[in-house]
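The values are calculated or read from the model by the stated rules, or taken from the named source; none is laboratory data. Since this is a predicted model, take the numbers as computed values, not measurements. Here the Cβ positions follow ideal geometry from the backbone for every residue, glycine too, while neighbour counts run over all protein chains shown.
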Amino acid sequence: MRRDKKNKLFFTTKRNRLSEQGFMLLEGLIALSAISIIVYLSSSIWLASLSTSQYDHFAALQFFHFVIDEVQIHQISHIDSNQINVITHSGDLITISQYRDQIRRQVNGAGHEILLRDVAKFTISGNANKVKINLEMMSGAQYEKIIVHYSQASGG
């Protein structure tokens, strides 16, 4: 009987040892998979953090598009170094100017519609036919746009 117990103990120990080695292999494969996934995701996050934000670029393009619409549709009244006045067909005065670090739009001196934020410097020059706008953002990015105002020929 003792031999049977010894043999049984021997086989049980050998079987446990085999299952432990198999578990270690499976454990190693899972750990290797987890590490490879973490490395893959962390490299993607690291590369994304290196790329610069396109916020300033798109915000400036949208601002220029808005000003082009105002200038093309309405009549330019007055251009100062940091503001432009446009008169609408209904006689309203639209002013686009810098206020602190924002560029705002006002109608008849009232309201405060923000067109662009984080602006360090805003200059406008030109005349009734051409407007040149220079922007310098707080991030250091600089933008320039020349807008040509075409007078509408009177039809007859």
Worksheet item: Out of curiosity, is Leu116 on the phi < 0 side of the Ramachandran plot, in contact with a helix residue (DSSP H, G or I) (Cβ under 9 Å, 6 or more places away or on another chain) and assigned by TED's automatic domain parsing to the domain that holds Gln142?
Response: yes
Response to the item:
Selection from region 100-116 of residues under 18 Å from His78 (Cα atoms), of a type outside the set (S, T, N, Q) and surrounded by 12 or more Cβ atoms within 10 Å (Cβ to Cβ) yields Ile103, Arg104, Arg105, Val107
Item to complete: Could you please find all residues in region 133-150 being closer than 24 Å to His74 by Cα, among the charged types (D, E, K, R) and surrounded by 14 or more Cβ atoms within 10 Å (Cβ to Cβ)?
Response: Lys145
Discussion item. Return the pair list, or none, for Cβ contacts closer than 8 Å from residues in region 111-131 that are without any contact (Cβ under 8 Å) to a residue 24 or more places away in the chain and among the β-branched types (Val, Ile, Thr) to residues that are surrounded by 12 or more Cβ atoms within 10 Å (Cβ to Cβ) and not in a strand (DSSP E or B), at least 6 apart or on different chains.
Written reply: Val119/Asp101; Val119/Met138
Practice prompt. Kindly indicate which of Ser53, Ser43 is outside any loop (DSSP other than H, G, I, E, B) and modelled with pLDDT under 90.
Written response: Ser43
Worksheet item: Name the pairs whose Cβ atoms lie under 6 Å apart, with the first residue in region 95-107 and in contact (Cβ under 8 Å) with a residue 40 or more places away in the chain, the second aliphatic (A, V, I, L, M), and 6 or more positions between them or separate chains?
Response: Ile103/Leu115; Ile103/Leu116; Ile103/Val119
Worksheet item: in the same structural domain as Glu136 (by TED's automatic domain parsing), surrounded by fewer than 17 Cβ atoms within 10 Å (Cβ to Cβ) and either touching a residue at least 24 places away in the same chain (Cβ under 8 Å) or within 12 Å of Val131 (Cα to Cα) (or both), is that true of His78?
Response: yes
Worksheet item: So which residues in region 81-94 are without any contact (Cβ under 8 Å) to a residue 12 or more places away in the chain and part of a strand (DSSP E or B)?
Response: Asn85
Practice prompt. Hey, can you tell me all the residues within region 97-148 that are in a loop (DSSP other than H, G, I, E, B) and out of contact with any strand residue (DSSP E or B) (no Cβ under 6 Å at 6 or more places or on another chain)?
Written response: Arg100, Gly109, Asn127, Asn129, Ser139, Gly140, Ala141
Discussion item. Please determine whether any residue of region 139-154 is of a type in the set (Gly, Ala, Ser), within 23 Å of Ser53 (Cα to Cα) and modelled with pLDDT of 95 or more.
Written reply: no
